[in-house]
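K.L.:
The structure is given below, and queries will be raised subsequently.
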Amino acid sequence: MTKVLALNAGSSSLKMQLMEMPAEKLLCKGQVERIGFNDAIVTVKSADKKIKKIMAIKDHTKAIDILLKALVELAVITDYAEIKGAGHRIVQGGTYFNKSVVIDANVLKKIESLGELAPLHNPVAVIVIKALNAILPDIISVGVFDTAFHQSLAEVAYLYSIPLELSQKYAIRKYGAHGTSHDYVSHRAAEMLDKQYEDLKIITLHLGAGASMTAIKNGKSFDTSMGFTPIAGLTMGTRAGDIDISIITYLAEKLKISEKEVFEILNKKSGLLGLSGISSDSREIEDAMATDDRAKLAMDIFVDRIIGYIGSYYAKMGGVDVLVFTAGIGENSAIVRQMIIDRLSFLGIKLAPELNQVRGVEQVISTDDSTATVLLIPTNEELMIARDTFKII
Ligand code: AMP
């Protein structure tokens, strides 16, 4: 048995899972939230014990140190040397990586250089990789890239209609995101249905605070809704998704602010939050929908954009066999799933309302005579990270 860490560094958080491979047994799960603050929250759970602390954690280097110490404190390990490998979720792998790889000095440099495209994520992942290597010099670190799954997109899908020379010179293209999640749930779908992955036309809906959809055909990512960066595509918690780009210069002029500041509005104050004026959290929108017109409008727009992408992928793939719901909203919100599937009845896709009343379990939620099978599959990005890491080490 081999102990492997799966690490996921966000802008102000660090999530960790320690797994025993190949048994895929979760030994311990932990996270640090509010990194950079005096009241950062550390939560670490083993099978039978739990640590929760509020303390000052100034950066990700300190956060990884605290999480490793907690593993010993909870007696999940007695010695750091028991951990043989660490898989790091890397949000942006550019065109360099179409699969997970060992992180050597050269790979680390490439991850660092891609920071421009994922400023909230790649730089902190680099800090965590370096900090872990400093504490555990013999550990094998593996990069698992959110963009890798979408490297299979054809030029016709990944290129933007801008001068080709600019796309080529500056590597401007659709990179997509949430690839590890789309990869995991689409493979699980084929397993659940006992079908060959390559034979299925699948649309995966990763609906969380960040939301994206992917069309999968011939066993590969065929198109995806996020773009050059993760602001594109669907309406999200705080992100605008697809808009007419001239709004950026227009708003900058009207508000007398820089385009960078407009971009902040589109990234952090738009989406469900901006539309509803209530919250970026879909639960609060759902609760307010019956009495608040703006909340209802926000949810209708969220659903409308999803329907648009389903229509687009249906047409581009020439049909669809399977739809998969996953992530926070996809796994938990029966109402949102129903609002979406109800609009697909013209395609013969039908929800079984009694099967839809579930949260966070693997289940078919469509009727037997539905033209496409609709599935609910909880995502498990950490498991994918641990699997790839174990395979590589
Ligand atoms: P994620 O980014 O995958 O963690 O998903 C976060 C989103 O999932 C937020 O918008 C939450 O409101 C939503 N969410 C989490 N739990 C529920 C739930 N029980 N019902 C509806 N939405 C939920």
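K.L.:
For the pair Asp194 and Ala290, what calculated FRET efficiency results from E = 1/(1 + (r/R0)^6), where r is the Cβ-Cβ distance and R0 = 56 Å, to the nearest 0.05?
P.N.:
Numbers: r = 41 Å, r/R0 = 0.73.
Between Ala290 and Asp194 the formula returns 0.85.
K.L.:
Take the chain, connect every pair of alpha-carbon atoms lying under 10 Å apart with a spring to form a Gaussian network, then pick out the residue of Ile278, Ile306, Ile90 with the largest mean-square fluctuation.
P.N.:
Highest fluctuation of the listed residues: Ile278.
K.L.:
How big is the gap, in Å, between the Cα center of region 111-166 and the Cα center of region 267-308?
P.N.:
If we compute the Cα centre of each part, the gap is 31 Å.
K.L.:
Length gain on complete extension for the stretch Ala209 to Glu264, per 0.36 nm per residue less the alpha carbon to alpha carbon distance?
P.N.:
Extra length available between Ala209 and Glu264 comes to 18.2 nm.
K.L.:
Asp65: net charge of surrounding residues, Cβ under 14 Å, Lys/Arg +1, Asp/Glu -1, itself excluded?
P.N.:
Net local charge, Asp65 excluded: +3.
K.L.:
Next up: With each label point set 7 Å from Cα along the Cα-Cβ vector, what nm distance links Ser312 and Glu362?
P.N.:
Calculated label separation equals 3.0 nm.
K.L.:
Mind checking which of Thr95, Ala215, Ser152 is farthest towards the positive end of the chain's charge dipole, using Cβ charges of +1 (Lys, Arg) and -1 (Asp, Glu) about the Cα centre?
P.N.:
Of the listed residues, the answer is Thr95.
K.L.:
Here is a follow-up. Rounded, prolate or oblate: which one fits region 255-393, using the alpha carbon gyration tensor with axes a ≥ b ≥ c (rounded when a/c is under 1.5, else prolate when a/b beats b/c, else oblate)?
P.N.:
Cα axes put region 255-393 in the oblate bin.
K.L.:
Follow-up question, since we're still on this one. In terms of the Cα gyration tensor, with a ≥ b ≥ c the square roots of its eigenvalues, is the chain rounded because a/c is under 1.5, prolate because a/b exceeds b/c, or oblate? Display every interim value, and only then the final one.
P.N.:
Values: a/c = 1.43, a/b = 1.28, b/c = 1.12.
Judged from the Cα gyration tensor, the chain comes out rounded (a/c under 1.5).
K.L.:
If the elastic network links every pair of Cα atoms under 10 Å, which of Lys350, Lys50, Lys217 fluctuates the most in the Gaussian network model of the chain?
P.N.:
Lys50
K.L.:
Turning to a different aspect of this structure: Suppose only helical runs count, i.e. DSSP H with n ≥ 4. What mean residue ellipticity at 222 nm does that imply for the chain under -39500 (n - 2.57) per run, divided by all residues and rounded to the nearest 500 deg cm²/dmol?
P.N.:
-11500 deg cm²/dmol
K.L.:
Follow-up. Pop the C-beta distance of Ile245 and Leu355 into the FRET formula with R0 = 56 Å and round what comes out to the nearest 0.05.
P.N.:
It comes out at approximately 0.85.
K.L.:
For the pairs Lys99/Lys130; Lys69/Lys391; Lys195/Lys220; Lys174/Lys201; Lys84/Lys220; Lys62/Lys84, flag any whose C-alpha to C-alpha distance is greater than 23 Å. Mind dumping the intermediate values first?
P.N.:
Details: Lys99/Lys130 21 Å; Lys69/Lys391 26 Å; Lys195/Lys220 15 Å; Lys174/Lys201 21 Å; Lys84/Lys220 31 Å; Lys62/Lys84 21 Å.
Exceeds cut-off: Lys69/Lys391; Lys84/Lys220.
K.L.:
Now for a different question. Given the options Gly94, Gly30, Gly179, state which has the largest fluctuation in a GNM of the chain using a 10 Å cut-off (strictly under) for Cα springs.
P.N.:
For the chain, modelled as a Gaussian network with Cα springs under 10 Å, the answer is Gly30.
K.L.:
Another question, then. Could you check the simple spin-label distance between Ala75 and Ile278, using points 7 Å along Cα→Cβ, in nm with one decimal?
P.N.:
4.8
K.L.:
Another question, if that's okay. Over the Cα atoms of region 189-321, what Rg and Dmax result, in angstrom?
P.N.:
Cα-based Rg and Dmax for region 189-321 come out at 17.1, 57 Å.
K.L.:
Once you have the alpha carbon radius of gyration of region 105-159, what is it after dividing by 2.2 N^0.38 Å, with N set to its residue count? Present the calculation step by step, with values, prior to reporting the outcome.
P.N.:
Values: Rg = 13.7 Å, N = 55, 2.2 N^0.38 = 10.1 Å.
Here the Cα radius of gyration is 1.36 times the empirical estimate.
K.L.:
Here is a follow-up. Along the Cα-to-C-beta direction of Leu347, a point sits 7 Å from the Cα; which residues of region 364-388 have their amide N less than 17 Å from that point?
P.N.:
In region 364-388, the label zone of Leu347 (backbone N under 17 Å from the point 7 Å along Cα→Cβ) covers 365-377.
K.L.:
Simple spin-label model, 7 Å along Cα-to-Cβ: Ala171 to Asn38 in nm?
P.N.:
So the label points at Ala171 and Asn38 sit 4.1 nm apart.
K.L.:
Turning to a different aspect of this structure: Averaged per residue, what accessible surface does region 88-184 expose to a 1.4 Å probe, in Å²? The partial results should precede the final answer.
P.N.:
Working: 4490 Å² over 97 residues.
Here the per-residue accessible area is 46 Å².
K.L.:
What's the carbon and sulfur percent of the chain's accessible surface, probe 1.4 angstrom, rounded to a whole number?
P.N.:
The value for the chain is 53 percent carbon and sulfur by accessible area.
K.L.:
So, one more: Using the Karplus curve 6.51 cos²θ - 1.76 cosθ + 1.60 with θ = phi - 60°, what ³J(HN,Hα) values do you get for each residue of region 140-148, in whole Hz, with x for Gly and Pro?
P.N.:
With coefficients 6.51, -1.76 and 1.60, one gets 9, 9, 10, x, 10, 9, 5, 8, 4 Hz.
The values are calculated or read from the model by the stated rules, or taken from the named source; none is laboratory data. Keep in mind it's a predicted model, so treat the numbers as computed, not measured. We place every Cβ from the backbone using ideal geometry, glycine too, and count neighbours over all the protein chains shown. Areas reflect the complete protein model, heavy atoms only, side chains present, ligands, DNA and RNA absent. Shrake-Rupley method; radii C 1.70, N 1.55, O 1.52, S 1.80 Å.
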